Amino acid sequence: MNFRQNDSIFFYIFIIVFCSSCFEIIEDVSFKKNGSGTFKYIVNLSQSKAEINSLIKLDSSSGFKIPKIKELNENINKVEQSVKNTQGISNVKVNKDYTKWIFEIVFDFENCTIIETAINNAINAVSNKNSFNVKDLFRFAGVSMQRNMLSLSKQDVKNANKGVLKKILSNANYTTIYRFETAIESHTNKKAKLSSSKKALMLNCKILNIINGKESLINFIKLVK
């Protein structure tokens, strides 16, 4: 699957919306034994709030259009509505903090396939296209969970390592947290850290390292039976 700029939620949030030099994305998923659970996605730009407050007053920066608060709200509302309209999703909550520049969406899902449907619907709603279609990002089989990754084209990787985009992505972090009702027996990503309860696993990576293949979000988690 190509991770094209016009279709990518990463490029949309990171470049067109914020042009921020330091931020963190947190993907926090809690799984119940039956495969249902709660998905939380946080975009935290608080470390760059002074820079963003200056940027938001401009029309453009480094060749990228800077949207106004109204436009940001419109797109966040599109995301919220598209997720609410996704079958199998419930209890959708969106938090927007333009003082600290922290944004969060939380929802309950019936199974992990529905997470992917919600992601596809949200990205396509913002981009006004229907070309984004991620599959098999999450797999849950009761006693195991697998996190996969989207494939990147050579051009995507090349673009990410140029000029202002490279600067932005090199200071950005992506954190995944997976929580379970039973203890974790093993996991394949050696960089991930197990909680003291052994029921949660956290992984933190630099986004540019992920793009360049130096770090990976891929993980196979086996639970105690």
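Any read-out appearing in this document is the output of simple, stated calculations on the displayed coordinates, not a laboratory observation. Keep in mind that what you see is a predicted model, and the values were worked out from it rather than measured. Here the Cβ is made from the backbone with ideal geometry for all residues, glycine too, and neighbour counts use every protein chain on show.
Local charge sum around Lys78 (other residues, Cβ-Cβ under 12 Å, Lys/Arg +1, Asp/Glu -1)?
Charge balance near Lys78 sits at -2.
So, with +1 on the Cβ of K and R and -1 on the Cβ of D and E, and no other charges, what is the size of the charge dipole of the range 5-217 about its Cα centre, to the nearest 20 debye?
Taking the Cα centre of the range 5-217 as origin, the dipole is about 480 debye.
Is the range 67-164 best put as rounded, prolate or oblate by its Cα gyration tensor, with a ≥ b ≥ c the root eigenvalues, rounded for a/c under 1.5, and otherwise prolate when a/b is larger than b/c, oblate when not?
oblate
Which option, [x] 104; [y] 145; [z] 119, is the value of volume of the Cα convex hull per residue in Å³ that was calculated from these coordinates?
Identified label for the calculated read-out: [z].
Would you mind ranking Leu45, Leu72, Leu165, Leu58 by Cβ crowding within 10 Å, fewest neighbours first?
Lowest to highest Cβ neighbour count: Leu58, Leu72, Leu165, Leu45.
Tell me, what is the percent relative contact order of the range 5-217, built from C-alpha pairs under 8 Å that lie six or more residues apart?
Reported as a whole number, the value is 23 percent.
Report the charge-dipole magnitude of the range 182-225 in Debye, nearest 20, computed about the Cα centre from +1 at each Lys and Arg Cβ and -1 at each Asp and Glu Cβ.
It comes to approximately 100 debye.
Mind telling me which of Asn73, Asn121, Asn111 comes out most flexible in a GNM of the chain, alpha-carbon contacts under 10 Å?
Maximum among the listed residues: Asn73.
Any of Lys65/Lys135; Lys191/Lys222; Lys129/Lys206 with alpha carbons more than 21 Å apart? Name them for me.
With Cα atoms farther than 21 Å apart: Lys65/Lys135; Lys129/Lys206.
Go ahead and run the numbers for FRET between Lys129 and Val94, Cβ-Cβ distance against an R0 of 22 Å, rounding to 0.05.
0.50
Could you calculate the FRET efficiency of Glu104 with Val157 from 1/(1 + (r/R0)^6), where r is the beta carbon distance between them and R0 is 25 Å, rounded to 0.05?
0.30
Taking neighbour Cβ counts within 10 Å as the exposure measure, how do Val157, Val83 sort from fewest upward?
By the 10 Å Cβ count, ascending: Val157, Val83.
So what is the relative contact order for the range 109-225, in percent, with contacts set as C-alpha pairs under 8 Å and at least six apart?
With pairs under 8 Å counted, the relative contact order is 27 percent.
Report the Cα centroid-to-centroid distance between the range 178-206 and the range 111-162 in angstrom, as an integer.
21
For the chain, with the dipole built from +1 on Lys and Arg beta-carbon atoms and -1 on Asp and Glu ones, taken about the Cα centre, which of Ala192, Asn159, Met149 lies farthest toward the positive end?
Positive-most Cα among the choices belongs to Ala192.
Show which aspartates and glutamates lie in cross-link reach of Lys190 when reach means a straight Cα distance below 17 angstrom and same-chain residues fewer than eight apart are skipped.
In chain and number order, the partners are Glu215.
How would you rank Lys84, Lys68, going from fewest to most other Cβ atoms within 10 Å of each one's own Cβ?
Lys68, Lys84
Any lysines with Cα under 17 Å of the Lys68 Cα? List them, leaving off those in the same chain fewer than 8 positions away.
Leaving aside lysines fewer than 8 places away in the same chain, those within reach of Lys68 are Lys49, Lys57, Lys78, Lys96, Lys100.
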